[in-house]
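Trainee: My questions all concern the structure below.
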Amino acid sequence: MEALRYIWEGAIPLQIHLHESEVTTIPPPPPAMVLAPRIGYLPLLASQIKPYFSSTLPPGVDTIWFEYKGLPLKWHIPTGVLFDLLCAEPERPWNLTVHFRGYPRQLLIPCEGEDSIKWSFINSLKEADYIVNGNTKNVMSMSQPDLVELWRSVLNAGDLEAYLRISSKLKLGGTDHEQVLNSISTSSLPGQSTSEMDIAGKVLTGRIPVRLYVRNVGEDFDNLEDAPPVNNWDDVSYINRPVEIHEECKCFTLHDAIRSLLSELFLEKATTKEESTNIIGQEEQSDCTEEVDCKKTEERGPNFCDEHVQSYHPSIKLVRIQGIEPKCEIPFSWVVNNLMNPEYFLHICVFVTVQQVRC
């Protein structure tokens with residue numbers, strides 16, 4: 001319960017600047033300082049931000065949207081996930097630019113305020129229900145008052161008890177009501193069982209809803225502050241695929257989960273830099289990296305490396321979930337039970353570097 005409470009009460013300090021094109025007063029207004037819930041969504045901050053800037057806005061219809069270093073931010077991604085993904089080195093406060101005009105409809109899905117966000121959240125719940133149970137009956141059969149209360153518990157980020165009371169009816173596993181209220185004194189010990197166990201000692205099997213965000217930061221920087229910013233959402237690989245845990249799995253770890261999601265992208269031989277841009281590779285070392293075998297290049301002639309200049313292979317620099325950078329060997333069951341978002345998806349941000357290997 002304590003771990004879940006930390007997640008629900010987690011917040012990011014924001015310093016929000018009004019875009020210069022929308023400033024009509026001299027001097028321009030100072031930035032607004034806002035504490036944004038990690039599990040919330042940026043447009044839900046409109047009620048706090050709009051009054052602050054209203055006196056300087058030009059005439060027109062308000063449609064709020066945000067950008068970071070020139071990148072329009074997707075409103076349906078939780079605020080904490082955006083922060084973990086786009087700030088390679090956490091930035092506090094997080095400096096964002098807010099717009100009330102000129103919504104970029106060619107880049108972002110239209111957002112009509114709280115209703116759009118609410119239905120996006122409920123659709124994610126339905127998707128999670130389908131992944132876990134093979135249908136959406138649990139969500140579809142919820143009463144309207146229950147749906148409203150569930151959404152309000154997220155909207156008023158921090159009302160964990162109300163959320164648990166309603167979400168327990170969904171029977172989607174992971175952070176359900178009974179498991180959360182159990183004592184966490186019972187833990188999985190090696191050799192005690194052939195099945196993956198959660199923190200309450202309960203078998204955790206089946207399909208886990210996961211959204212994986214893979215960001216290629218280029219070369220292996222010693223300091224992630226030097227990594228280039230994300231200029232386009234095409235620079236982020238988005239994988240929406242469940243992790244399947246079977247009863248015969250032993251000690252299923254976070255490493256195993258990520259490997260199962262990226263298995264088809266493993267490298268078995270050296271590639272050119274262009275080919276490696278969209279490929280993520282990892283083997284079973286504890287640091288989630290993979291060695292490249294250049295011996296095969298010898299069979300292709302002495303000029304092979306000269307023609308291809310260098311060989312490249314990607315490796316995982318870090319994994320970030322809810323602002324935490326867990327070790328790869330952590331039990332996946334702990335991650336699911338403690339770090340899952342309210343819509344029952346586990347959001348995982350993976351930073352990948354592409355290393356040069358001389359033949």
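Trainee: What number goes with the only condition from (1) surrounded by fewer than 19 Cβ atoms within 10 Å (Cβ to Cβ); (2) under 25 Å from Gln322 (Cβ atoms); (3) of a type in the set (Asp, Glu); (4) in contact (Cβ under 8 Å) with a residue 12 or more places away in the chain that Asp146 does not pass?
Mentor: Condition (2) is where Asp146 drops out.
Trainee: State which residue is surrounded by the most Cβ atoms within 10 Å (Cβ to Cβ) when the search covers only region 149-166 and only residues that are in contact with a Phe, Trp or Tyr (Cβ under 9 Å, 6 or more places away or on another chain) and under 13 Å from Leu4 (Cα atoms).
Mentor: Top of the filtered list is Tyr163.
Trainee: Which is open to solvent by less than 50 Å² (accessible area, probe 1.4 Å), of a type in the set (A, V, I, L, M, F, W, C) and touching a residue at least 60 places away in the same chain (Cβ under 8 Å), of Leu45, Leu85?
Mentor: Leu85
Trainee: Here is a follow-up. Could you tell me whether region 12-33 includes any residue that is among the acidic types (Asp, Glu) and under 20 Å from Pro229 (Cβ atoms)?
Mentor: yes
Trainee: Quick one: in region 59-82, of everything that is of a type in the set (A, V, I, L, M, F, W, C), assigned to a loop (DSSP other than H, G, I, E, B) and farther than 18 Å from Gly10 by Cβ, which residue is most open to solvent (accessible area, probe 1.4 Å)?
Mentor: Here the residue is Val61.
Trainee: Shifting gears a bit: Quick check on region 49-58. Is at least one of its residues in a helix (DSSP H, G or I), among the charged types (D, E, K, R) and under 26 Å from Pro13 (Cα atoms)?
Mentor: Checking region 49-58: at least one residue is in a helix (DSSP H, G or I), among the charged types (D, E, K, R) and under 26 Å from Pro13 (Cα atoms).
Trainee: Condition (residue is of a type outside the set (Ser, Thr, Tyr), over 15 Å from Lys74 (Cβ atoms) and within 22 Å of the chain's Cα centre (by Cα)) applied to region 134-142: is it met by at least one residue?
Mentor: Checking region 134-142: not a single residue is of a type outside the set (Ser, Thr, Tyr), over 15 Å from Lys74 (Cβ atoms) and within 22 Å of the chain's Cα centre (by Cα).
Trainee: Further question on the same structure: Conditions: (1) on the phi < 0 side of the Ramachandran plot; (2) out of contact with any helix residue (DSSP H, G or I) (no Cβ under 9 Å at 6 or more places or on another chain); (3) open to solvent by 20 Å² or more (accessible area, probe 1.4 Å). Gly134 meets all but one. Number of the miss?
Mentor: (1)
Trainee: What pairs come out if I take residues in region 1-27 that are under 19 Å from Lys69 (Cβ atoms) and touching a residue at least 40 places away in the same chain (Cβ under 8 Å) and pair them with residues that are of a type outside the set (A, V, I, L, M) and assigned to a strand (DSSP E or B) whose C-beta lies under 6 Å away, six or more apart or interchain?
Mentor: Close Cβ pairs satisfying both conditions: Ile12/Trp94; Leu14/Trp94; Gln15/Asn95; His17/Thr97; His19/Thr97; His19/His99.
Trainee: In region 10-42, how many residues are open to solvent by 60 Å² or more (accessible area, probe 1.4 Å) and either under 28 Å from Trp119 (Cβ atoms) or aliphatic (A, V, I, L, M) (or both)?
Mentor: 3
Trainee: Name the residues in region 48-58 that are touching a residue at least 12 places away in the same chain (Cβ under 8 Å), open to solvent by 10 Å² or more (accessible area, probe 1.4 Å) and not polar (S, T, N, Q), would you?
Mentor: Listed by number, the residues that qualify are Lys50, Tyr52, Leu57, Pro58.
Trainee: Mind checking which residues of region 226-257 are touching a residue at least 12 places away in the same chain (Cβ under 8 Å), closer than 21 Å to Pro90 by Cβ and surrounded by 12 or more Cβ atoms within 10 Å (Cβ to Cβ)?
Mentor: Correct list: Ala227, Pro229, Val230, Trp233, Asp235, Val236, Leu254.
Trainee: Got at least one residue in region 23-33 being modelled with pLDDT under 95, within 25 Å of Trp151 (Cβ to Cβ) and not acidic (Asp, Glu)?
Mentor: Looking through region 23-33, none of the residues is modelled with pLDDT under 95, within 25 Å of Trp151 (Cβ to Cβ) and not acidic (Asp, Glu).
Trainee: Need pairs with beta-carbon distance below 6 Å; first residue open to solvent by 50 Å² or more (accessible area, probe 1.4 Å) and within region 210-225, second at pLDDT 85 or above and not β-branched (Val, Ile, Thr); sequence gap 6+ or separate chains.
Mentor: Glu225/Glu89
The values are calculated or read from the model by the stated rules, or taken from the named source; none is laboratory data. Since this is a predicted model, take the numbers as computed values, not measurements. When we count neighbours, we look across all protein chains shown, and the Cβ atoms used for this are built from the backbone with ideal geometry, even at glycine. Just so you know, the surface numbers come from the protein's heavy atoms only, side chains and all, with ligands and any DNA or RNA stripped out. Shrake-Rupley method; radii C 1.70, N 1.55, O 1.52, S 1.80 Å.
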